[in-house]
Amino acid sequence: TAYEIKHGRISMMAFLGMMVQELGITFPGSINLDGSVQFSDILKDGMGFPAVANIPTFGLFQIVAFAGFAEIGAMPAAQYTGGPQNLPGGYDGSAGTIPGGYPFTTQIEDVTARNRALTCELQNGRAAMLGTFGAMCHSCVDSCDHHFFYPTTHNYA
């Protein structure tokens, strides 16, 4: 369904974001206007839920407000109408917000190749949903902050 495809796409991005953060890559500068909380300070107590606790309250509000706007106003899953080729997860867009179609590419014309690509996207999305949830649970039960790169991020000396 369109909802599963949308959540799979979000989970794929979330999983990549968790891997990048684990490598210690953060934005430069501060997360708030007065400069009191640096982006690098968000991960000082660990990954996952401890990191969320370090985000300023107004920042959490902005994240929730953006997600709400995207879901209700700009890209509602109810408008995943299939796009020009009536494909699952295809998006036509709503007037004045997000353009329809598939940006930066053309649609796959070969039916067999298109079905394979859509099936791969669906399966990768399902795997990312499980992987993201697993990493979130791991951050709650284990004292180790490293979930993906344990051998390369720990000093054995």
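What follows draws every value from the coordinates through simple rules; no lab data is involved. From a predicted model like this one, the values you see are computed outputs, not experimental measurements. Every residue, glycine among them, receives a Cβ derived from its backbone with ideal geometry; neighbour counts consider all protein chains shown.
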>> Using a 7 Å offset from the Cα along the Cα-to-Cβ direction at both residue 10 and residue 124, what is the distance between the two label points in nm, to one decimal?
In response: 1.9 nm
> Once both labels are modelled 7 Å past Cα along the beta-carbon direction, what's the residue 58-residue 45 spacing in nm?
Replying inline: 2.0 nm
> When the chain is fully extended, how far beyond the present Cα-Cα distance does residue 137 get from residue 117, taking 0.36 nm per residue of separation?
Replying inline: 4.2 nm
